[in-house]
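See structure below.
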Amino acid sequence: MYRQQSQKREARSVKSKNFYLCIVRKLLIMIAARLSPLQYKNYSQIIIHTIMKKLSILLCLFLLSCSNDKETIVVQYSDSSGVELLSSPIFESIEIVTLRGEGAPDLSPWAKMLVKNDTCYITGEAKIHLFDANGKYLNSVGERGRGPAEYLSLDDMIIEDHGEISVYSNQSEALGVLYTYSPQGRFLRRTELPYKPLHFFKAEGFNYHYFGHGGSIGIMPYQLYITDNQNRLVDSCLTSSDVINLGIGTVFSPFGDALNLCPAYGGEVYRLTGGRVQIIYTFHFGAFHLPELFYKKDYMESYEFIESTPLAFKIRFFENPKYAVLLTWVVNPEQEWTRWNYGVLDKATATWKWYFMKEGDFMDDPCLSYMDDSYVYFTVDPIKIKESGLSERFPLLEAIDIYEDLLVILKCKLK
């Protein structure tokens with residue numbers, strides 16, 4: 001079980017600080033404007049104008065740094081299994097949705113999933129498969145191959161508000177490419193990106209290119225590049241290093257119109273909005289936290305370090321206005337065990353609580369796949385439900401047909 005040991009700081013309101021920042025900055029600009037170049041009468045006024053301009057910039061930077069000051073959430077691991085996540089008090093009810101339909105392929109519980117406009121989008125076999133709210137298979141989009149409308153890998157999917165579906169592939173070309181289709185699967189266009197990131201997503205009119213530490217091809221000086229809709233560079237941030245990238249975890253997750261970025265490494269979770277990056281949560285996993293010396297190792301040294309050191313990796317992170325859920329993969333090579341662990345933030349009480357899914361083989365666990373404002377979605381292989389004994393603890397799972405059902409979604413309604 002994780003036990004939160006947070007040192008409370010005085011609460012700060014980002015909204016109010018931004019308000020005061022705006023007011024103070026405008027006042028300074030107004031004062032400086034009174035001494036505009038057209039009004040300079042002597043050298044002393046030029047000096048005053050320069051000082052006021054620099055003071056305005058420095059004050060803005062100071063207030064912004066204060067508004068981003070976040071509490072570090074320190075957690076410890078113990079061998080006790082604690083409370084099972086599906087029994088958590090944050091859930092009002094659990095609904096079973098079975099995915100089935102003629103022509104649908106086999107699906108993995110670890111596939112990427114999005115829910116939008118009562119349609120469930122799940123990746124599998126290098127395609128995006130569409131299901132309705134009741135789990136009925138609709139159709140599939142995309143195709144692996146080397147043709148003009150085909151790609152070699154499906155690394156991310158982007159669902160536009162108007163229904164268009166884009167596949168991001170970082171293996172098809174020298175640069176990253178977006179392949180866009182209609183909801184019915186008709187190929188529409190191919191868009192070449194200026195980079196070849198490990199992951200790619202779009203939000204609020206900006207494109208976010210995530211390379212991770214070291215990048216997907218060669219060494220990139222930054223982990224994140226931001227471009228506008230014309231692929232012009234807006235910003236580059238998060239200093240990179242020559243270190244192995246596992247490529248694990250759902251890096252991007254929607255939060256309203258913005259995005260959250262949750263790298264597997266380190267303790268930070270970021271908010272991406274308006275072409276800007278802000279740290280929203282910082283975790284420290286105690287004895288399982290990735291030390292700073294890891295980032296100073298070369299490729300082979302970092303790989304050997306991961307294989308031999310107890311570590312916690314952030315795998316998936318989702319957030320809505322009421323809750324946040326973090327899935328971590330805790331690895332202990334010395335004792336030869338691995339486990340999934342869940343942190344749940346109830347924003348009403350501003351407290352994190354930590355859960356396991358269950359004891360036993362972690363690959364049998366239902367996988368945290370998606371979260372919206374009303375539900376948390378877990379996916380699980382129907383066969384694993386029977387083998388793991390999950391149906392014994394949750395009798396509603398007894399009705400699952402292991403021969404007909406492609407995948408089972410546990411749709412957990414939030415209180």
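The values are calculated or read from the model by the stated rules, or taken from the named source; none is laboratory data. Remember, it's a predicted structure, so these values are computed and weren't measured experimentally. With ideal geometry, Cβ positions are generated from the backbone for all residues, glycine too; neighbour counts draw on all protein chains shown.
Would you check if there is a residue in region 154-172 being farther than 30 Å from Glu204 by Cβ and not aliphatic (A, V, I, L, M)? Scanning region 154-172, I find no residue that is farther than 30 Å from Glu204 by Cβ and not aliphatic (A, V, I, L, M), so the answer is no. Looking only at residues of region 97-109 that are assigned to a loop (DSSP other than H, G, I, E, B) and surrounded by 17 or more Cβ atoms within 10 Å (Cβ to Cβ), we find that the one that is farthest from the chain's Cα centre (by Cα) is Ala104.
Having 2 or more residues that are within 30 Å of Cys412 (Cβ to Cβ) is the bar; report the strands (runs of 3 or more DSSP E) wholly within region 121-225 that clear it. Explain how you work it out, then say what you get.
Values: elements: 127-132, 137-141, 156-159, 165-169, 177-181, 187-192, 199-203, 206-210.
Hits in region 121-225: 127-132, 137-141, 156-159, 165-169, 199-203, 206-210.
Residue pairs whose Cβ atoms lie under 7 Å apart, separated by 6 or more positions or on different chains, with the first residue in region 364-383 and within 21 Å of Ile400 (Cα to Cα) and the second assigned to a helix (DSSP H, G or I) and basic (Lys, Arg), are Asp364/Lys384.
When restricted to residues that are surrounded by fewer than 19 Cβ atoms within 10 Å (Cβ to Cβ) and either of a type in the set (Ser, Thr, Tyr) or touching a helix residue (DSSP H, G or I) at 6+ places or on another chain (Cβ under 6 Å) (or both), region 254-269 contains 0. Taken over region 278-294, the criterion of being surrounded by fewer than 17 Cβ atoms within 10 Å (Cβ to Cβ) and either in a helix (DSSP H, G or I) or touching a Cys at 6+ places or on another chain (Cβ under 9 Å) (or both) is satisfied by Gly286, Ala287, Glu292, Leu293.
Given Leu130, Leu154, Leu138, Leu114, which one is of a type in the set (A, V, I, L, M, F, W, C), within 20 Å of Val177 (Cα to Cα) and either surrounded by 18 or more Cβ atoms within 10 Å (Cβ to Cβ) or out of contact with any helix residue (DSSP H, G or I) (no Cβ under 8 Å at 6 or more places or on another chain) (or both)?
Only one candidate passes the filter, namely Leu154.
Looking across Asp373, Asp381, Asp401, Asp365, one residue alone is closer than 22 Å to Asn134 by Cβ and at pLDDT below 75. It is Asp401. For region 159-170, indicate whether the set of residues that are surrounded by fewer than 22 Cβ atoms within 10 Å (Cβ to Cβ) and under 17 Å from the mean Cα position of the chain (by Cα) is non-empty. Yes, that holds for at least one residue. If you take the residues of region 297-325 that are part of a helix (DSSP H, G or I) and not charged (D, E, K, R), which of them is surrounded by the most Cβ atoms within 10 Å (Cβ to Cβ)? The extreme case among them is Ser302.
Could you check how many residues of region 326-352 are of a type in the set (Val, Ile, Thr), part of a strand (DSSP E or B) and over 15 Å from Ala287 (Cα atoms)? Residues in region 326-352 being of a type in the set (Val, Ile, Thr), part of a strand (DSSP E or B) and over 15 Å from Ala287 (Cα atoms): 2 in total.
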